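What follows is a short report on a single structure.
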Amino acid sequence: MDEKRRRLLTGLSFAGAGVLLNSCRNAPTSNSFATNEEKKESPAPGEAETVEVTATEDLMREHGILRRALLVYQESATRLRQDPASVPLDALEKTANLFRVFGEDYHEKQLEETFIFPTVKKAPGAAPAYVDILLAQHVRGREITDYLLSISKADRIPSNSVETLARTLESFVRMYEHHAAIEDTIVFPTWKAAVGQSELDELGAKFEDIEHNQFGDDGFEMALKRMEEIETSLGLSNLEMFTATAPPK
Ligand SMILES: [Fe+2]
Ligand SMILES: [Fe+2]
């Protein structure tokens, strides 16, 4: 595949799929790929029943997708130092593109910055003090994603950029792991307490609508599938390989 075409596919496929699904969704009688038979209430044999996801659960499982992208970044940094040619740049580009579309444009901008942070900023306790730092980290993350998207478009990484890229990846992983942990343990619980149960239910439904409008039927499932493809392409799909070695006796 020529370089231009590779770029187009890796750069646009995830967002493009969202637009495609979105246009299906907006058609008056169509709902994504589901046939009339599939739209029936009860699940097919062997298929899991759809379970409601609360607003905070939704945000936290999105962090799960982003943490899997961070694992790709961490592994890429380690491999870059061992053998730069062993890091497929299209996998890095796909990961950065997923982080941009699902993490930054959707999770951060449309949910956290629109609904969560403004409420948390006015809440009592320790959480408001984190908001400005979290916002600054969103901005820094976008700068790093811009850099990763730009460097991963090349055929190879110039040898004098390898260490800078590895350090940038590690620094991003370090920031975002802590960022997501503070949101999961302090910011989201504060937001949940501030809005109360009935508004939480309404916002949960609203988040689902935003996700559907952005991506089609299920942005989370699309992002999960994309993440699994990237992990498989890098040989990172076997959870067992990450089991820690036994400690010294
Ligand atoms: Fe955030
Ligand atoms: Fe977040």
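The values are calculated or read from the model by the stated rules, or taken from the named source; none is laboratory data. From a predicted model like this one, the values you see are computed outputs, not experimental measurements. Please note: Cβ atoms are built from the backbone with ideal geometry, for glycine as well, and neighbour counts cover all protein chains shown.
With the structure loaded, tell me whether residue 183 is under 20 Å from residue 100 (Cα atoms), modelled with pLDDT of 95 or more and exposed (fewer than 15 other Cβ atoms within 10 Å of the Cβ) or whether it fails that test. Let's see the steps before the verdict.
On the way: under 20 Å from residue 100 (Cα atoms): yes; modelled with pLDDT of 95 or more: yes; exposed (fewer than 15 other Cβ atoms within 10 Å of the Cβ): no.
Answer is no for this residue.
Is it true that residue 66 is within 25 Å of residue 148 (Cα to Cα), at pLDDT 95 or above, hydrophobic (A, V, I, L, M, F, W, C) and out of contact with any Gly (no Cβ under 8 Å at 6 or more places or on another chain)? So that I can check it myself, show each step before the final result.
On the way: within 25 Å of residue 148 (Cα to Cα): yes; at pLDDT 95 or above: yes; hydrophobic (A, V, I, L, M, F, W, C): yes; out of contact with any Gly (no Cβ under 8 Å at 6 or more places or on another chain): no.
So residue 66 does not fit the description; no.
Can you tell which of 73, 106 is more than 13 Å from ligand 2 (Cβ to nearest atom) and among the aromatic types (Phe, Trp, Tyr)?
Details: 106 fails: more than 13 Å from ligand 2 (Cβ to nearest atom).
Residue meeting the stated conditions: 73.
Please go through the range 112-121 and give me each residue that is near ligand 1 (Cβ under 9 Å from one of its atoms) and within 17 Å of residue 189 (Cβ to Cβ), ordered by number.
Within the range 112-121, the subset near ligand 1 (Cβ under 9 Å from one of its atoms) is 112-113, 116-117.
Of everything in the range 112-121, those that are near ligand 1 (Cβ under 9 Å from one of its atoms) and within 17 Å of residue 189 (Cβ to Cβ) turn out to be 112, 116, 117.
So which pairs qualify, if the first residue must be in the range 179-191 and more than 16 Å from residue 124 (Cβ to Cβ) and among the small types (Gly, Ala, Ser), the second must be more than 8 Å from ligand 2 (Cβ to nearest atom) and in a helix (DSSP H, G or I), the Cβ gap must be under 9 Å, and the two must be at least 6 apart or on different chains?
Sorted first by the residue in the range 179-191, then by its partner, the pairs are 180/60; 180/67; 180/70.
Would you say residue 173 is among the aliphatic types (A, V, I, L, M), within 15 Å of ligand 1 (Cβ to nearest atom) and over 22 Å from residue 74 (Cα atoms)? Give the derivation first.
Values: among the aliphatic types (A, V, I, L, M): yes; within 15 Å of ligand 1 (Cβ to nearest atom): yes; over 22 Å from residue 74 (Cα atoms): no.
Answer is no for this residue.
Is it the case that residue 195 is touching a Ser or Thr at 6+ places or on another chain (Cβ under 8 Å) and either away from ligand 2 (no atom under 11 Å from the Cβ) or modelled with pLDDT under 95 (or both)? Step through it out loud before you land on a result.
Working: touching a Ser or Thr at 6+ places or on another chain (Cβ under 8 Å): yes; either away from ligand 2 (no atom under 11 Å from the Cβ) or modelled with pLDDT under 95 (or both): yes.
Criteria met by residue 195.
Need at least 2 residues that are touching a Lys or Arg at 6+ places or on another chain (Cβ under 8 Å) per element, so show me which helices (runs of 4 or more DSSP H) inside the range 127-210 make the cut, counting only ones lying wholly within it. Walk me through how you get there before you give the answer.
Numbers: elements: 128-151, 162-182, 188-195.
In the range 127-210, the matching helices (runs of 4 or more DSSP H) lie at 128-151, 162-182.
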